[in-house]
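The values are calculated or read from the model by the stated rules, or taken from the named source; none is laboratory data. Note that the structure is a prediction, hence the values are computed from the model and not measured. FYI the Cβ positions are ideal-geometry reconstructions off the backbone, even for glycines, and counts take in every protein chain you see. Accessible surface areas use protein heavy atoms only, side chains included; no ligands, DNA or RNA. Shrake-Rupley method; radii C 1.70, N 1.55, O 1.52, S 1.80 Å.
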Amino acid sequence: MFAFFNPVDLRFGENAISGVDFSLFGKKAFIVTGKGGSAKKNNAINDLVGSLNSKGISYEFFSEIEENPPFDLIDKGAGIFKSKECDFVIGVGGGSPMDAAKAISAAARMNKKVADLYEIKDQISTYPVVEITTTSGTGSEVTQYAVLTSYDGRKLGLRTKKLFPTLAIVDPKYTLTMPADVTITTGLDALSQLVESILSKINTPITDAMAVKGLELIKQSLHSVVREPSNITHRSNVALAATLSGITISQTGTTIVHALGYPLTSHIGIRHGLANMMTICQIVKNAAKFEPQRVKMATEVFGGTQGLCDFIDAIYPRPKLKLSDKDAEEFAREIDLKSGQVLNTPGIYDFEFVKEIYKSL
């Protein structure tokens with residue numbers, strides 16, 4: 001027996017925004033974007049504003065989102081949302097603006113600090129959330145997750161079905177201006193999520209089928225899109241793979257790979273997708289001792305586990321980190337060994353195992 005629930009209305013393809021009637025969501029939009037301005041450069045904002053204007057919908061911009069958005073910024077956004085009397089949220093950008101849009105919607109609707117939402121989770125209600133993704137990696141446009149940075153600097157995932165967006169718009173043309181480094185790190189995040197969804201102990205036949213298709217698209221186009229960034233076919237393939245990765249982990253969750261990556265991002269500044277790549281090969285090899293058929297399914301398109309690792313190294317030669325024993329121990333203590341991410345992973349993972357993983361980096 002298995003269950004599958006993903007209520008997001010997905011519009012995929014070039015000019016997907018043209019068929020959206022934003023008046024269905026409200027009269028005033030709160031547009032959440034990154035502080036770097038990439039959403040203007042790739043024309044996503046121009047297309048969005050044109051659509052809103054055509055329906056007479058007013059809007060307020062909140063363009064302060066940074067990577068791994070902190071609690072303080074979410075609280076600020078929720079306060080502005082309420083003061084400007086907005087009634088729906090539009091996240092435009094990569095994972096951080098999209099996660100921030102979900103969290104702002106919930107914090108504003110509940111009239112609470114975002115930190116308080118972690119205590120009530122499934123009691124949360126939200127304003128309508130529209131996500132327009134401009135990267136190909138996190139799949140946040142179709143998930144019920146928001147990964148934020150706590151007041152004390154830790155990455156914390158907020159998960160509840162109430163955070164599923166209302167509508168997701170995925171237009172590959174918005175990824176044409178992505179720099180090579182962002183293309184790589186977000187693409188590798190999608191790769192990680194697809195592999196992890198297959199390894200997850202709560203995999204389903206539906207997520208397996210989606211994940212295998214996503215991995216085929218990654219194998220076909222991720223390296224190629226770095227070499228040919230203006231190739232819309234390769235951009236479309238990677239964009240679809242990323243969205244599939246989001247749908248799969250919305251059902252299966254991620255694994256210890258993601259958990260191990262959080263301290264590398266928080267303390268060293270390694271981008272999320274790249275942080276996952278630092279440990280994924282070790283975890284896949286360990287999982288093969290317990291679930292060889294799962295690992296075979298997750299790596300077969302690359303020719304096996306070593307082929308997967310070679311594919312990663314060809315696009316992102318994993319650096320050797322200078323972690324002290326003390327660093328390794330401190331990072332290991334941040335991993336909640338009773339979390340769903342750890343318990344969903346085939347294998348046995350205790351403090352010593354995790355510490356040795358960090359020491360090996």
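Observations
- The range 101-144, accessible surface, carbon-and-sulfur percent (1.4 angstrom probe): 37
- Most mobile listed residue (Tyr349, Tyr151, Tyr127) in the chain, GNM with C-alpha springs under 10 Å: Tyr151
- Cross-link partners of Lys41 among lysines (Cα-Cα below 19 Å; sequence separation of 8 or more within a chain): Lys173
- Relative contact order for the range 68-192: 28 percent, from Cα pairs under 8 Å spaced at least 6 residues apart, divided by residue count.
- Using the Cα coordinates of the range 291-358, the gyration tensor eigenvalues translate into equivalent-ellipsoid semi-axes of 25, 19, 8 Å, sorted from longest to shortest.
- The chain: most fluctuating residue of Thr233, Thr135, Thr345 per GNM, C-alpha cutoff 10 Å: Thr233
- Within a Gaussian network of the chain (alpha carbon springs, distance under 10 Å), most fluctuating of Ile270, Ile169, Ile120: Ile120
- Percentage of interatomic Cα-Cα distances in the range 54-152 larger than 21 Å: 26
- Of the labelled figures [x] 19.5, 59; [y] 23.1, 75; [z] 26.3, 97, only one reflects Rg and Dmax of the Cα atoms in Å as derived from the coordinates, namely [x].
- Cα centroid separation, the range 300-319 to the range 28-78 (Å): 36
- For the range 264-324, the relative contact order comes to 26 percent (Cα pairs under 8 Å, sequence separation of at least 6).
- Residue-normalised accessible area of the chain, given per residue in Å² at a 1.4 Å probe: 41
- Dividing the helix sum by the residues of the chain, where each DSSP H run of 4 or more adds -39500 (n - 2.57), gives a mean residue ellipticity at 222 nm of -15000 deg cm²/dmol.
- Taking the chain and dividing mean pair separation by its residue count, relative contact order in percent (alpha carbons under 8 Å, at least six apart): 15
- 32 Å Cα-Cα threshold exceeded, pairs from Lys27/Lys338; Lys27/Lys213; Lys102/Lys338; Lys102/Lys355; Lys219/Lys320: Lys27/Lys338; Lys27/Lys213; Lys102/Lys355
- Cys with no candidate disulfide partner in the chain (beta-carbon separation under 4.7 Å rule): Cys86
- Taking the inverse of the mean reciprocal distance over all distinct Cα pairs, the Kirkwood hydrodynamic radius of the range 144-208 comes to 14.8 Å.
- Restricting attention to the chain, close to 15% of DSSP beta bridges with both partner residues there are antiparallel.
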